[in-house]
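Everything on this sheet refers to the single structure shown next.
The values are calculated or read from the model by the stated rules, or taken from the named source; none is laboratory data. What you are looking at is a predicted structure, and each value in this text was computed from that prediction instead of being measured. FYI the Cβ positions are ideal-geometry reconstructions off the backbone, even for glycines, and counts take in every protein chain you see. Accessible surface is based on the protein model in full, side chains and every heavy atom, while ligands, DNA and RNA are left aside. Shrake-Rupley method; radii C 1.70, N 1.55, O 1.52, S 1.80 Å.
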Amino acid sequence: MKIKLLVLLTVTFSLNVSFTKDKMVVPLVIEELRVEYHENPEGIDIEKPRFSWVLTGEGRNRYQSAYRIIVASSIAELEKNHGNIWDSGKTNSNNTNQIEYGGGALISNTSYYWKVKVWDEVAQESQWSEAARWSMGLLRFSQWKGLFIGHDVGYNQTDKYDSLYLPPARYLRKSFKTSKKVKRATAHTTALGLYELRLNGKKVGDSYLLPGWTDYNKRLHYQTFDITDQIQQGENVVGAIIADGWYAGYVGYALLVRLDKVREFYGVNPSFMGQIHLEYEDGTSEIIASDRSWKANQGPTREADILMGETYDARLENSGWDSAGYDDSTWKDPKVYTYPNGRLQAHPGTLIKNTELLKPVAITEPQPGTFVFDLGKNIAGIASLEVQGPKGTKVQLRFGEILKGDGNIQTENLRLARATDTYILKGEGVETWQPKFTYHGFQYVEVTGYPGKPNLNAITGLVLSSIETDASTFSSSNAMNNTLFENIKTTQSANFIEVPTDCPQRDERLGWTGDAQTYMRSATYNADVAAFMTKFLVDLDDAQRWYGAYPNFAPFPYSRPNQYSPAWMDAGVIIPYNMYKVYNDTRILDYMYAGMQKFMQFQADASTDYLRPGGGNNWGDWLSVNEKTSNDFVGASFYGYDAKLMAEMAKALHKTEDFEKYGSLFKNIKKAFTEKYILANGRTTEDTQTSYALALYFDLYPVDLAQKGADRLAEKIRANGNKFTTGFLGTKHVMLALSKYGHNDLAYTLFKQTEYPSWGYSVVNGSTSIWERWNSYTKDDTANSDLNAKMNSFSHYAFGSVAEWMFQHAIGIDTEDAGYRNIIVKPAISKQMNDIKGSYKSINGTIVSAWNWKGNKIMMHIEIPVNTKAKVYIPTTKITDIKEGNRDISKIQDIKILESNGGETILEVGSGKYSISSKITF
Ligand code: BGC
């Protein structure tokens, strides 16, 4: 007994706990420190970076009452708890994110170290968090010392439509000496085109396809690398391999539709620019910048195009070219190119990484010498090749998403994306190779020319993506839906590559705005896309048409007028709104605001009596089946939705007049919309599933008719055999509208449906990804003959936007305010599902919601993060039936009963874990 007490006391003291009444309270723990949404970012150029963290803590109703951030110039200062750069002081606030740095001007090329401590609900101080850091990029143009350099490889384009022009990559090198001890070395680098930075024989960093894609006439992103550990005493060699990329290579469908330009949308020759900052122990420093003293050459990379693929002739390797001791006397002087007009800016998004390695699950040989490797799922990325054989052997890799009946890969749906990589052996032992400047959308790799019979090690799949889909979990008693969830994540990963693309395989891969807006909220559930989407919104803002419309895709490299469409252009309002809603980000609203206003004006000008007609490209409810909703209806409904969101965003920005203005615009649109499209019996004039879904979800229905509209929608779905008629726009809104108006059972029926058209149809037909079309493929149609093979992607996330419904309704996790501080837990409990569980890692921490049936009893498990509150909806008004643990809910002090009527009881809970059960009678 004595010993036990001693142990308890020791623990108590070392944990620094405090006692309130009879409760022991353990201090809060601080995790996931982020600057501008990044973990320890290198080279940001935001003058007032924003901090965030996530809190965890034992017990219930825990919250932060104050915080203190300190920023120091060195780890040593930070360890002394000395914020010599900034000390926020104890700040009474429960904010844990979007907290602006409040110190003096931050200095270019400088590292900063920070940590935070918090006080909890009983004013108990936490430990300091772990130390975190960030560094600044180059904030002034005058600090850039480099020239844009490249290598002239000649130009021999003959017929732009009938033959591909694929120039070689260029190699640049510079040898330099460090005679003094280096304290810190940093590289700030970019390229017009793509680059891989090399230092002393190794790639710098672990990202792909740098510097990324922007409208290079407006901005060019650069990267910052800490290279201290890669610098050596004596001779060092910095190298850059550069290739066409989005800057000079083939982009999108230009070749297919024979635009005037098919490549070189921003420039003809790729070039590299950058500098290395060497800071010596003795306090002196030096800059090695790209200039005329560098050397240039060609090398083994003979072709390098994002869409078309790469050709590498290992016989031409200049072995040791990027290391010390290499003789570059045969190399040429570099060619100096003009500086671009676009501003140089640090990449604000997340860079493309290899997020997963895939070993093939099978090899087949559909005809002698043609080997097909199955990687098990449909990804975006590259394949690494391992091969041994005679010098000059040419191994060719082609990529496909599905197989034809004869076992060969289907490439028709790649259209004019050649998607072919070729490796020519040098004939020296085991050779491994992977391309650097291309990527493909594929599950299957076809290998020809392989010397002998390859084994499973010959090919490894490298999944490439700008995001990690690790923010959510979902599982249910219906296995098909669990596979669907995996497929959604796979396809999001495959398409969140620098911009949210429509698809990774064919000659498109554009940042299609309609797809992005429809999927935006789903995207946020599966991954932290805050930085990725911030970058895309800059692209979208840059691409806004001069007359106010947002374009069909961004960046927008083509010179074509009228490239807009209702529901595509609305991405310019819907995506920023979701950034605010999900991440509590008002800075991005500020950034986008002028453009959004201009867009609203463009719509106002195009409208008659508040009805915005269709217009532009009018894609409508793209890829709907058997029902067409008019373009005018789509145009008018999205205009209404925009007005509603604009009012909310104006409010968030404290723009009172605009809040009023857009609020009354919404009312006017709604009135005009109701008069034109909603009949007295609650039907829409269109009477299509999509028309009900959009009008109901966008709040364009008069209150007294909304339920009738929703019932008609349900009736129509039932009459259609519990199946959709909807396309990209209607589908997710059908699900959301059904649940909003009490038709959860039907929503689950659709969710579980396996007959065409449905999600289940793709799953039972073996999909590992989300298809562009409801009927992209069937097992019986392996030749895929009569489908439009040319417009048939197997990796298109638009229909995956059901994830929004899965999280908001099936699991039931949503936010009432911005940024999940006031959480809604309202699972769509239905006898159609036996159990569902899932979690979502919000900006305020992980929210868990699970439910299952035990006879007629519903068992709910809920976890609410520290510093947040949740309204929990229980589908019964019999309060006496509701238990937490095994106690009556009304007897539990921690839980407030807010309301109990209309078939449900709403509880208010603070942070903590709750096991709630209740008898339910539907
Ligand atoms: C793309 C889309 C896009 C559509 C516009 C397609 O080619 O793949 O997903 O939204 O065009 O209609």
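Quick look at the values:
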| read-out | value |
| --- | --- |
| Ordering of 832-843, 121-132, 735-746, 239-250 by packing [mean C-beta count within 10 Å, highest first] | 239-250, 735-746, 832-843, 121-132 |
| Eligible aspartates and glutamates near K353 by straight Cα distance, threshold 12 Å, same-chain separation 8 or greater | D206, E468, E498 |
| By accessible area with a 1.4 Å probe, ligands and nucleic acids excluded, highest first: order of H733, H38 | H38, H733 |
| Listed residues N722, S52, I409: farthest to the positive end of the dipole of the chain (Cβ charges) | S52 |
| For region 169-245 and region 353-407, distance of Cα centres in Å | 31 |
| Span from the region 677-724 Cα centroid across to the region 104-119 one, whole angstrom | 53 |
| Unsatisfied cross-links (Cα-Cα over 21 Å) in the set K581/K676; K598/K661; K661/K708; K145/K181; K203/K394 | K581/K676; K661/K708; K145/K181; K203/K394 |
| Proximal lysines to K218, defined as alpha-carbon separation beneath 16 angstrom and excluding residues fewer than eight positions away on the same chain | K535 |
| Exposure ranking of E47, E42, E486 by accessible area [1.4 Å probe, largest first] | E47, E486, E42 |
| Selected from F807, V763, L344, residue furthest toward positive end of dipole (the chain; charges at beta carbon) | F807 |
| Neighbour-limited loop hits for GluC sites (Glu not before Pro), region 300-376 (at most 16 other Cβ within 10 Å; DSSP other than H, G, I, E, B) | E317 |
| Dipole magnitude (debye, nearest 20) for region 656-808, charges at Cβ of Lys, Arg, Asp, Glu | 140 |
| Theoretical FRET efficiency, 1/(1+(r/R0)^6), r = Cβ-Cβ of L679 and H861, R0 41 Å, to 0.05 | 0.40 |
| Peptides 348-355, 435-442 ordered by average Cβ neighbours within 10 Å, highest first | 435-442, 348-355 |
| Percentage relative contact order, the chain, counting C-alpha pairs under 8 Å, at least six apart | 10 |
| Per residue accessible area in Å² of the chain, where ligands, DNA and RNA are left out and the probe is 1.4 Å | 37 |
| Length-normalised contact order of region 27-135 in % [C-alpha pairs under 8 Å, at least 6 apart] | 35 |
| Dipole magnitude (debye, nearest 20) for region 256-366, charges at Cβ of Lys, Arg, Asp, Glu | 620 |
| Under the span-like rule (Cα at least 27 Å along the axis, Kyte-Doolittle mean at least -0.5), DSSP H helices of the chain | 587-606, 631-652 |
| D291 accessible area, 1.4 Å probe, all protein chains in place, Å² to nearest 10 | 50 |
| Selected from A531, N617, V463, residue furthest toward positive end of dipole (the chain; charges at beta carbon) | A531 |
| Lysines whose Cα lies under 27 Å from that of K90, excluding same-chain neighbours fewer than 8 positions away | K21, K23, K48, K80, K115, K117, K869 |
| 222 nm mean residue ellipticity, helices alone, for the chain (DSSP H n ≥ 4; -39,500 (n - 2.57); rounded to 500) | -7000 deg cm²/dmol |
| Whole-percent carbon and sulfur share, accessible surface of the chain, 1.4 Å | 48 |
| Mean Cβ neighbour count within 10 Å, used as a protection proxy, ranking 408-417, 323-332, 102-111 highest first | 408-417, 102-111, 323-332 |
| Three principal axis lengths of region 487-802 [C-alpha, angstrom, descending] | 59, 47, 34 |
| Relative compactness, the chain, computed as alpha-carbon Rg over 2.2 N^0.38 Å | 0.98 |
| Lys, Arg +1 and Asp, Glu -1 on Cβ, resulting dipole of region 822-919 about Cα centre, debye, nearest 20 | 180 |
| Rel. contact order, % - alpha carbon contacts under 8 angstrom, at least six apart, region 144-347 | 35 |
